[in-house]
């Protein structure tokens, strides 16, 4: 009978004879001070009084250990690890450690919080696997016991040098594990697998055959497909490369899983796909009139003074380039739509004083006009010359719309006439009326004394201040304070 553990170390001296770096532990905790840098001596392995026999902490000096925290990992390890590994574990979780020689970066593969509900029944929750390497990391090795269970070798081939791209292959295992856990119910599995193939085709250099194998393995080892359905998933990569009409990717995957695009993108980072979605964060909308928006791109504020810009990633890219001097990521319209929807789900709304908005500055011009230039008589000459009248007869301020427009143009302010009249109605309770002065009929706008007085704070508040600063700047830079406006 073949014994796959012949020659495997199980005592401190056997590990030391193999040149391993080990440290004594109680449970999983090293007991020596500065254990990362200390070499152990025989006395360190002597059983202390009233303490259990020390466990063997195998330091990952010159080694790398794939610690499988989720049992799905082991379904894919045999498919993507290209070099035989020495494996060990406990009876309740055999083959949970895969050991190779060489060192690599330490990394924990954990699914984002969006997927908490999928992982709540697993012993380690969202954590799938951990790669330990280097002298600051250690794993409890065979010859030890955890929670009353012995830790044993299941397969011993020594510490083999890994042949292949270790990081890429472990990434495939982690991604496959996550996607197997998320594998959907019947009805959306074909789109799910096709979307995965689309992501890999669009954002990696994987061949069609490599994607075919990846998606097929996922379908088989998810445990949720029958044989006939598995066979239907065998050529998803080839289809993704050949199909010029369907182009499913991260947005479709997020739609199927009912999660954010950025959560899906985090999983694909494990195989080297850069997460474009997470570069866009912290969307804020300022309730001025008109509204403006600010979001962060890689930590830089990007300001949109027109809401319609949110709908055009082409224009967003220009703003990113101008403000950050960085190359923005290439995104398809569907991808930008999904990112925008994610941002809007968590948008921060910021209320602002009316006088600090652009139309608040319009109000400042109007109230200043009324209080500085109004005439107290109801003379026809004032109205015909586009002035403003404080009328006792009509119990309010009356003016022609053309008069206000001329004043705004002299202040170099642009606006939509439709929005201007709506603003007059909503903010000043203004109403268009017909009046007769000296037997002549005029169409004018009327604002009551009370409504105008309620808005007099505009005269000395932020709107006027900002407008004055702008005119001062014009005078300093261009030699004129007011510019004759272009014809509208």
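Values quoted throughout were computed directly from the atomic coordinates according to the rules given, and no laboratory measurement underlies them. Note that this is a predicted model, so its numbers are computed, not measured. Here Cβ is always computed from backbone atoms with ideal geometry, including for glycine, and neighbour counts include all displayed protein chains.
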Specify which labelled value, from [x] 20, 35, 23, 9, 5, 4, 3, 1, 0; [y] 27, 62, 12, 0; [z] 18, 32, 23, 17, 9, 1, 0, agrees with P(r) over Cα pairs in 20 Å bins from 0, in percent derived from the coordinates of the model shown. [z]
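Let me know the volume per residue of the alpha-carbon convex hull for the range 356-478, in Å³.
Working: hull volume 12.5 nm³, N = 123.
Per-residue hull volume (Cα only) is 102 Å³.
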Taking only DSSP H segments of four or more residues, each worth -39500 (n - 2.57), what value at 222 nm results for the chain once the sum is divided by all its residues, to the nearest 500 deg cm²/dmol? -11000 deg cm²/dmol
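What does DSSP give for the chain in terms of the percent of beta bridges that are antiparallel, rounded to the nearest 5?
Numbers: 58 of 65 bridges.
Just about 90 percent of them are antiparallel.
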Give me 287, 203 ranked fewest to most by other Cβ atoms within 10 Å of their Cβ, as a rough exposure proxy. 287, 203
What are the equivalent ellipsoid semi-axes of the range 80-231, built from the alpha-carbon gyration tensor (square roots of five times its eigenvalues), in whole angstrom, biggest first? 30, 20, 15
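What does DSSP give for the range 278-351 in terms of the percent of beta bridges that are antiparallel, rounded to the nearest 5? Provide the component values of the computation, followed by the final result.
Details: 10 of 14 bridges.
Percent antiparallel among DSSP bridges in the range 278-351 is about 70.
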Sequence-separation-based contact order of the chain, relative, with Cα cut under 8 Å and 6+ spacing, percent: 9
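If you average over every viewing direction, what projected area does the convex hull of the Cα atoms of the range 182-271 give, in nm²?
Values: hull surface 21.9 nm².
If I average the Cα hull's projected area over directions, I get 5.5 nm².
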Along its three principal axes, how long is the range 293-350 when you only count alpha carbons? Whole Å, largest extent first please. 28, 26, 20
What is the angle, in °, between the Cα long axis of helix 462-478 and the longest principal axis of the Cα atoms in the chain? Nearest 10 is fine, range 0 to 90. 90
Using Cα-Cα distances under 8 Å and only pairs 6 or more residues apart, what relative contact order does the range 78-201 have, in percent? 33
Gyration tensor over alpha-carbon atoms, the range 117-191, equivalent ellipsoid semi-axes in Å: 30, 20, 12
The range 1-84, relative contact order in percent, only Cα pairs under 8 angstrom and at least six apart counted: 28
Tilt relative to the chain, helix 401-410 - C-alpha long axis, 0 to 90 degrees, to 10: 60
For the chain, longest principal axis from Cα atoms; helix 189-203 axis from its Cα atoms; angle between them, nearest 10 degrees, is 80
